[in-house]
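Everything on this sheet refers to the single structure shown next.
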Amino acid sequence: MKISLNWLKEFVDLDGITKEDIDKKVNQMCAEIENIEEKGADIKNVVYGKILEVKNHPESQKLHILKVDVGEEVLQIVCGAPNVKENMVTMVAKVGGMVCGKKIGPAKLAGVESFGMCCSESELGIGSDDSGIVEVKYDVKLGTDIKKVLPIDDLVIEIDNKTLTNRPDLWGHYGFAREFSAIFKRPLNPLETLDLSKLEGLERIKIKVSTPACLRYSAISCNNITKTQSPEIMKIRLNYCGMRDINFLADLTNYIMLELGQPMHAFDNEKVKEIEVVSSKKGDKLLTLEGEEHEVPENSVLICDGNKNSVAIAGIKGGLMSGITEKTSSVLFESATFTSEAIRKTSRAIGLITDASLRYEKSLDPELTKTALARLLYILTYYDDGAVITSSFSDCYNYHYDKIKINVSADFISRRIGIDVNANEVKEILERLGFSCNISGENLEVLVPSFRATKDISIKEDLVEEVARMLNYGAFTAKPLAFNVEPVVQDKEHTLEYQAKFLLASKYNANEVHSYIWDYTDFNAEHKIETKPVLHLMDTRNAGQSAIRDSLVPTLIKFASENKESEENSVRIFEIGRCVPSIKEDGLANEEKHLAVVFSSSDCSEEELLVDLKNYLVDLSENYVYATLNFEREEPSQNYMHKVNTFAVKFNGEKIGYIGVISPIVSKTIDKKLKMVATEINFKELAKCRNYPKKVKVPSLYQSTHLDLNFVMNTSDTYADAVKALSKIRSKLLVGYKLVEVFENPLTPNKKSMLFRFEINGKDHSLVGEEIDGFMNDVINLMEKAGYPLKK
Amino acid sequence: MKDKLIKIESEFDSAYKEAKDLNLLEEIRLKFLGKKGSLNYVMADFKQVPNEMKKEIGQLVNKLKNKIEEKIAEKKQELEDKQNEAEINNAKKIDLTLPAKTNVGSLHPRTLILKEVEDVFVSMGFVVEDGFEIETEYNNFDAVNVPANHPARDMQDTFWLDNGQVLKTHTSAAQNRILKKYGPHCKAIFPGRCFRNESLDAGHENTFFQMEGIVVDENVSVSNLLYFMKEMLKGVFKKDINVRLRPGFFPFTEPSFELDASCAFCGGKGCSSCGGSGWIELCPCGMIHPNVLRNAGIDPDKYSGFAFGLGADRLVMLKTGLNDIRHLNSGNVSLLKQFGIKL
């Protein structure tokens, strides 16, 4: 929102206050300033001049050659404006002058010399009319600089609207004047208004309000309004504040809105004589002032005339049929308050955000409707003394906000701010802002003014803010915190997240990715991935991405396929993210944090990839979680996992995830040669797993003996089968064993062999030959019984 | 016998000179000292030496044997040195400029930056907390004092789910749970993924990270907040940062502030990065609203505290130089892998 300093000065004396003062203090004590523009700095040497003579240009139909009297001289000026005529007084930029940053020099226009430029309002930025040059209708001495007559020099302060969200009172100049008076400690002038009590006895306008969304509706009618053009000062202020001037009545309503923050509307009183405020029904429509037809959403607030014709969408836009034109002389002025929700909902639904709707969304003070009408009539009658007020102040005030009284102590405020203030200081600050205070001792009873009481201020903490900002945050000193020193226990799961990620990236050459919480439904369909989402976004604007994922793996498959080319067919990616595999009994999402990893390659076998991935899980669980995981073959529930080579990952018999090959049914849709493996682990469950860390064994003082034994097995037998058989070894000599190699021979496709290396130790003596032989024979016999004879 | 020894000695002296390499030297050693070497050969006659001469001859033999052994060892050392030197001089020159193969993956830039920032907080005695991404309307809005009719609750801004829950719109959704967990003495930060229903462009994502912190205790004041934010930013940016508070407005804090930091690019003089003001808007913050404390069972008359947000993704972009937020969720490995693994 733009604030004109000249306008503010009408209400508060700001002499001696610089642009820098404003920038610094307003920013730190009130609202964010985006920009302060020095208006008028780019207009120089523009004076009043009278056109003495108009001659046609010999070379051009559009141009005229003028003789213009600018006081001490008469200038020849070539002008293209269509409205030039003799004896017309206008504004002339002289040679050496400047118009909106453009320097004026002597020029030749179609061969004729020109010494200056006659200006339009729009060129000077003081009005919106660009149809011709300014026609001055007030008395001026020719040659006078227009800046001496008109308030062209000004500072326009642009405030960031989002910092005014909670301040309905700051959506007009008078509210800012009040803030400036508090910030700079200058008195605030009262607003000059018309005394509405004088109108008692005049006819009342019939107003019927049948919706609770209209808090207050006030109106007054006038006729015999003859003024059509706004005074210059009004035009300049409107234009400086970012509005175009239209005609006197329209400008007047806008002017009041910019001054007080209260949106106003002017209806043609010939067409609108009574007011009915209703809740809209399905199918209601309105043709707006701009000539656009809008369907009004159901349950919006609609303003109707006495005959149930809709004449305005409340708080947003007026209708064309009831609107005023330059010919209107009889007007009904509306000044009303609606709930912020009602206006916001309708405004969003029809996609129309207006200066009025923006203000209503902030929860305006209903008390303001009367003040605004009183001010409007004061200005109207000031500029158009023929205007006749034809109604009394007509008012339907259905909802009064509660008066808010807050009890607070200076001590409470001091403690919250961290700076000592006494009750008198608090009182002084609050009263400058329009609050009234009663002091008893260190306690204050504070009455919140109506313009701050619609939602902004209701509790003592709100008063802490008022006092704190008026003490100026810039002047605060930082004070250290005093705390007890206590050890802080960090969350194990969170720490494990970093460890799991770091291990994958540093040792397993994998890259962490972040993705979205929804499925890529189109990608999944294209690649035959079936997911089972149980939760969806309500907003279906992006239908392909509205199912909340039940697993992270499909997204990683997508990312792996997208990175295949750039990563030369070998992609290793992972994510720790959330998904929703089910809905709980209470209807809430069962959100789980999963660790998912996908390795893909076209250069190595599925087995190599899967073993590497398994190595990671074991590495992580053994070295960071201190838990031993088991892998059990299990037919997957996901169609994108391999039916044979998918395994449940278990801890103490409980499944915490799965690992396996991605079904070729899916991977072949991406690339015929592509091999993909994946794992997905419930991370919270993983973090909970824990076997006690292995006990440290003290090494024996005697030399160990190593025995290599190679056992023949069926191809379908697993390492786990061999381990099961070996677990029956009872010899105390055994320190441990490990698998050295698995031999497979294409000539004997049904058989393979596993070479184990056993370490045995006498513990308290050196082993002797018989002991070694005895151990070896026991193991061989045991394995033979289990069906795994020694390879000869 | 004496003569024979003298002869052996002179033979050795001349053979020794000819020993050009280690093989020849070994031959010489065997010839003189080996089992069948000349010395042993001579010693076979020792029995015949008269007893009175045995001592003298014995000494002569030992002297000669020692001399030969010493000479050979000396020569061996000399030849080995020569050989090593030749080997060194003739060595293949290794090309260490060939590219290294480190075979390392990468962590997401968010992980890297968040960990760095978390460490700062942990060093200041904070706990790092986690939240849900799918939240109840209560936790996301009501518990943190967002009014029932607040625009943020509209479908245009919030991703509502068909079971009535929401994708959390801010990390503040975790405040209630954390305040209940730790009670009125609490220092916690909670980074997390948040969601807003908005169109994507270089500066906007619908899925982004925030990091939020809260400090609650007895008599925590605005002046404490100012102190804390300065110290915290010093830790995060590893240098002194000038800050200023401005009035702000958020439903969950009262009073609310915008905290500006002096522009890192121009040092506060004003440049294009800070729009000429010398300040960069860095973190929203404020004193926790009494309703938020009350909703968590904490007495707002006795306890107070402050909350602050750090735009995690903005911090990531600021620190990594990424200029398009959409990269972060793109899964583009060739981009992401450049961030490496430094935690």
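The values are calculated or read from the model by the stated rules, or taken from the named source; none is laboratory data. The structure presented is a predicted model; accordingly, all values stated were derived computationally and were not measured. Methodologically, a virtual Cβ is constructed for each residue, glycine included, from the backbone with ideal geometry; neighbour enumeration extends over all protein chains shown. We work out accessible area using only protein heavy atoms, side chains counted, and drop any ligands, DNA or RNA first. Shrake-Rupley method; radii C 1.70, N 1.55, O 1.52, S 1.80 Å.
A few comments on the model shown:
- Every residue from segment B:279-295 that is touching a residue at least 60 places away in the same chain (Cβ under 8 Å), open to solvent by 10 Å² or more (accessible area, probe 1.4 Å) and in a helix (DSSP H, G or I): B:N291, B:N295
- Comparison of A:I529, A:I517 shows that the only residue that is more than 7 Å from chain B (Cβ to nearest Cβ) and modelled with pLDDT of 95 or more is A:I529.
- A:E293 over 28 Å from A:P168 (Cβ atoms) and acidic (D, E): yes
- Residue list for segment A:162-192, filter: open to solvent by 60 Å² or more (accessible area, probe 1.4 Å) and polar (S, T, N, Q): A:N189
- Hits in segment A:583-605 (condition: assigned to a loop (DSSP other than H, G, I, E, B), within 11 Å of chain B (Cβ to nearest Cβ) and open to solvent by less than 40 Å² (accessible area, probe 1.4 Å)): A:G587
- Given (1) out of contact with any strand residue (DSSP E or B) (no Cβ under 6 Å at 6 or more places or on another chain); (2) farther than 22 Å from B:I280 by Cβ; (3) not small (G, A, S), index of the condition B:T207 fails: (1)
- Residues in segment A:699-730 that are under 18 Å from A:E771 (Cα atoms) and either open to solvent by less than 40 Å² (accessible area, probe 1.4 Å) or among the hydrophobic types (A, V, I, L, M, F, W, C) (or both): A:L701, A:S704, A:T705, A:L707, A:L709, A:I729.
- Verdict on B:A86 being within 56 Å of the chain's Cα centre (by Cα) and open to solvent by less than 50 Å² (accessible area, probe 1.4 Å): yes
- Just one of the listed residues (A:S210, A:S218) is buried (at least 23 other Cβ atoms within 10 Å of the Cβ) and either among the polar types (S, T, N, Q) or touching a Gly at 6+ places or on another chain (Cβ under 7 Å) (or both), and it is A:S218.
- Being of a type in the set (A, V, I, L, M, F, W, C), farther than 19 Å from B:A188 by Cα, at the interface with chain A (Cβ under 9 Å from one of its Cβ atoms) and open to solvent by 20 Å² or more (accessible area, probe 1.4 Å) is true of B:V104.
- Tallying residues that are touching a residue at least 24 places away in the same chain (Cβ under 8 Å), open to solvent by 30 Å² or more (accessible area, probe 1.4 Å) and within 10 Å of chain B (Cβ to nearest Cβ) within segment A:532-556 yields 2.
- Residues within segment A:168-203 that are in a loop (DSSP other than H, G, I, E, B) and within 18 Å of A:T371 (Cα to Cα), tallied: 9
- Looking at segment A:316-433, the strands (runs of 3 or more DSSP E) lying wholly inside it that each contain 3 or more residues that are away from chain B (no Cβ under 14 Å) sit at A:331-338, A:394-397.
- Within segment B:288-297, if we keep just the residues that are of a type in the set (A, V, I, L, M, F, W, C) and out of contact with any Pro (no Cβ under 6 Å at 6 or more places or on another chain), the residue that is farthest from the other protein chains (Cβ to nearest Cβ) turns out to be B:A296.
Listed here are the residues, each with its yes/no results for (1) of a type outside the set (S, T, Y); (2) part of a strand (DSSP E or B); (3) in contact with a His (Cβ under 6 Å, 6 or more places away or on another chain).
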{"site": "A:D15", "(1), (2), (3)": "yes, no, no"}
{"site": "A:G49", "(1), (2), (3)": "yes, yes, no"}
{"site": "A:V54", "(1), (2), (3)": "yes, yes, yes"}
{"site": "A:K67", "(1), (2), (3)": "yes, yes, no"}
{"site": "A:V92", "(1), (2), (3)": "yes, yes, no"}
{"site": "A:G105", "(1), (2), (3)": "yes, no, no"}
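- From the list B:L318, B:L336, the one residue that fits, being of a type outside the set (G, A, S), open to solvent by 10 Å² or more (accessible area, probe 1.4 Å) and closer than 30 Å to A:F502 by Cβ, is B:L318.
- Matching option when the condition is modelled with pLDDT of 95 or more and surrounded by fewer than 16 Cβ atoms within 10 Å (Cβ to Cβ), among A:V388, A:V408: A:V388
- Answer from B:F159, B:F195 - the residue that is open to solvent by less than 10 Å² (accessible area, probe 1.4 Å) and in contact with a Leu (Cβ under 6 Å, 6 or more places away or on another chain): B:F195
- Unmet criterion (only one of (1) of a type outside the set (S, T, N, Q); (2) at pLDDT below 95; (3) open to solvent by 10 Å² or more (accessible area, probe 1.4 Å)) for A:G323: (3)
- Residues that are without any contact (Cβ under 8 Å) to a residue 24 or more places away in the chain, of a type outside the set (A, V, I, L, M) and facing chain A (nearest Cβ under 10 Å), drawn from segment B:120-167: B:N149, B:P151, B:D154, B:W160, B:D162, B:N163
- Count - residues of segment A:557-574 that are crowded, with 22+ Cβ neighbours inside 10 Å and more than 8 Å from chain B (Cβ to nearest Cβ): 3
- Of the listed requirements (1) surrounded by 19 or more Cβ atoms within 10 Å (Cβ to Cβ); (2) more than 11 Å from chain A (Cβ to nearest Cβ); (3) modelled with pLDDT of 95 or more, B:R177 misses just one: (1).
- Some residue of segment B:117-137 being within 28 Å of A:Y360 (Cα to Cα), modelled with pLDDT of 95 or more and open to solvent by less than 10 Å² (accessible area, probe 1.4 Å): no
- Under the condition of being within 13 Å of chain B (Cβ to nearest Cβ) and open to solvent by 60 Å² or more (accessible area, probe 1.4 Å), the residues counted in segment A:1-36 number 6.
- Selected residue (only one of B:R244, B:R193 is closer than 22 Å to B:M287 by Cβ, of a type outside the set (S, T, Y) and assigned to a strand (DSSP E or B)): B:R244
- Segment A:437-475, residues that are surrounded by fewer than 21 Cβ atoms within 10 Å (Cβ to Cβ), touching a strand residue (DSSP E or B) at 6+ places or on another chain (Cβ under 8 Å), of a type in the set (A, V, I, L, M, F, W, C) and within 10 Å of chain B (Cβ to nearest Cβ): A:I459
- Selection status of A:V580, open to solvent by less than 10 Å² (accessible area, probe 1.4 Å), in contact with a Pro (Cβ under 9 Å, 6 or more places away or on another chain) and not in a loop (DSSP other than H, G, I, E, B): yes
- A:E486 falls short on exactly one of the conditions (1) facing chain B (nearest Cβ under 7 Å); (2) more than 23 Å from B:D301 (Cα to Cα), and that condition is (1).
- Among residues of segment B:206-251, those that are within 7 Å of chain A (Cβ to nearest Cβ), over 20 Å from B:G125 (Cα atoms) and of a type in the set (F, W, Y), counted: 1
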